[in-house]
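Heads up, the thing below is written out as structure tokens.
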Amino acid sequence: MDEQDIPIDIHTGKLLEWLVSRRVVGKEWHKAIPDIRNKINNAIRDMPANEELVQLLSGAHINYFHCLKIVEILKMTEADTKNVFGRYGSQRMKDWQEVVKNYEKDSVYLAEAAQILVRNITFEIPSLKKQITKFEQLSEEAAKKAKDMSKSQNAIRGEFTVLCQQLGIKGEEIKAELKVKLEQLPQMFGEIAAKVSALDKAVNLYGEYCKNKNCLQIIRHVSTAGNSTVYEFLYSEAPLSIEEPQIDFGDDDGNPSSNDQEIDFGDGANIDFGDAGAIDFGESDITLQSGNEIDWGDGVEAVTDPAEINFDISLEESGIVVEGGGQSGGVARGEEALSILDAPTYRDRFIDELLELEAFLKMRLYELTTTSESSMLSMTFLDEIAGQDTNTIQQMIVNVEVVLANTLQPQLQYLHQVKHSPRYIDILSAKVKQKLTAIDKLKENEKLSKEKSVKYLEEAAKLRPDLEKAIKHTKTLQQQIESDISKRYKNRTVNLMGGVNTI
């Protein structure tokens, strides 16, 4: 094989060492570079207006090969300064020709070009790629964060919707809506009371088991009298009047709904007790008549003889009215003014009785369906009562569970606590507002994350032209170095291994 056909393979990272070891460049080549760079900086200050020069010098580190092109361009722009001997009188041309001459001395230009090539391949281009990748990664993370915040918003909005549905409100003016919703409590209690009558068979069965026909008193009372007042449950008669305590919820800002927070004793005038500061009960003093007896002023002489008293006068003639015994004509106040299912104490007792009845029926159903003869909770004596099959007991359990489910439904429990706990409505209102605040905050953060994502993409987009330009210049420089070395070795093919093509 001819020597000219053998390629020269040089690893890019060791290109500079290769040039020094082959004595293509000297070991002290770097000492000449500062002087050359100074001359380039001075020469570049005085350049003609030429579009090709602008493109050549934009965004690139000026090296020897750029200087050759500048000289070629100046040959056209400075042609009128050329004399008969072929020399140029232009100082611009002289400056750049001197730069080229200094570069070519000891092949300094080749060593500098190799250094620039290695730096671009090893640092500049990977750094730009790394920055672009980093910005793209940050953009993806910001977009993912925005997406997660959107999901969180939907989750919290779903919780808010569920809570409002449980409360039966829209969630716009919470306290006002709850106050209106409280007016539906009597209707809800009435619907529950209407279902209690279906528990009569179960209650009677439990009474047979307990040997106590008065067990589950509240369930029995609600079944017969409905959701009556606690007063009627306690005294077995309805009150003449009910004074139910009033609750002031205030507005959504926590201010009371009424300004009349103090007792008004009148028109604002002070009470005058007289000059002596004592209460005046009349204009004349009380005087005692003779015999030290009180004169009542009716002109009727006192009866001193018991025989003269007439005991035959009827109560009607005397004007005395005797009221009936018990609590007739009573006024229901406080907890007694509330209905059974509304008063906290009696509502809890009602729920306890339902749970007690449910537990009994489930044990009875278990006994009817089990084949075990040894049972500590035997209720076999109930077998004598007619209609005690599994289907009947199951239906009884269903009836109890229906009443229990209606009593423990979330909306009813929320409204009941709102009515009877002054602070609960503030806590509930704050809970609803907190979810709205969280949604607004997440919206703002989502917006910021989206803006960051777009900003990072824009930063990455700005760097891509720089990367493309750096790769283009590096490829050109690599080809120029390969061509220069090839000329030195009889035009043999030169391959720079690990060059820009592998990036």
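Worth a mention:
- Residue among GLN413, GLN395 that is over 15 Å from ILE351 (Cα atoms), surrounded by fewer than 20 Cβ atoms within 10 Å (Cβ to Cβ) and either hydroxyl-bearing (Ser, Thr, Tyr) or out of contact with any Asp or Glu (no Cβ under 8 Å at 6 or more places or on another chain) (or both): GLN395
- Residues in the stretch 177-228 that are open to solvent by less than 70 Å² (accessible area, probe 1.4 Å), aliphatic (A, V, I, L, M) and over 26 Å from ILE393 (Cα atoms): LEU178, LEU182, LEU185, MET188.
- The number of residues in the stretch 343-370 being open to solvent by 50 Å² or more (accessible area, probe 1.4 Å) and of a type in the set (A, V, I, L, M) comes to 4.
- Single unsatisfied condition, PHE160 versus (1) touching a residue at least 24 places away in the same chain (Cβ under 8 Å); (2) farther than 30 Å from LYS447 by Cα; (3) in contact with a Gly (Cβ under 8 Å, 6 or more places away or on another chain); (4) open to solvent by less than 40 Å² (accessible area, probe 1.4 Å): (2)
- Any hit, the stretch 446-455, residues being at pLDDT 85 or above, within 22 Å of the chain's Cα centre (by Cα) and of a type in the set (Val, Ile, Thr): no
- Given (1) open to solvent by 60 Å² or more (accessible area, probe 1.4 Å); (2) assigned to a helix (DSSP H, G or I), number of the condition PRO422 does not satisfy: (2)
- Within the stretch 93-100, the presence of at least one residue that is part of a helix (DSSP H, G or I), modelled with pLDDT of 90 or more, touching a Lys or Arg at 6+ places or on another chain (Cβ under 7 Å) and open to solvent by 80 Å² or more (accessible area, probe 1.4 Å) is confirmed.
- For the stretch 31-60, filtered to residues that are surrounded by 14 or more Cβ atoms within 10 Å (Cβ to Cβ) and in contact (Cβ under 8 Å) with a residue 60 or more places away in the chain, the residue that is farthest from ILE116 (Cα to Cα) is LYS39.
- Helices (runs of 4 or more DSSP H) wholly inside the stretch 186-269 that include at least 2 residues being within 46 Å of the chain's Cα centre (by Cα) and modelled with pLDDT of 80 or more: 217-225
- Residues of the stretch 144-157 that are under 23 Å from ALA461 (Cα atoms) and open to solvent by less than 50 Å² (accessible area, probe 1.4 Å): ALA146 alone.
- Any hit, the stretch 160-169, residues being over 30 Å from LYS452 (Cβ atoms) and not in a helix (DSSP H, G or I): yes
The values are calculated or read from the model by the stated rules, or taken from the named source; none is laboratory data. Just so we're clear, the structure is a prediction, and the values are computed from it rather than from any experiment. Glycine gets a Cβ as well: all are built from the backbone with ideal geometry, and neighbour counts include every protein chain shown. Remember, those area values only see protein heavy atoms, side chains included, never the ligands or the DNA or RNA. Shrake-Rupley method; radii C 1.70, N 1.55, O 1.52, S 1.80 Å.
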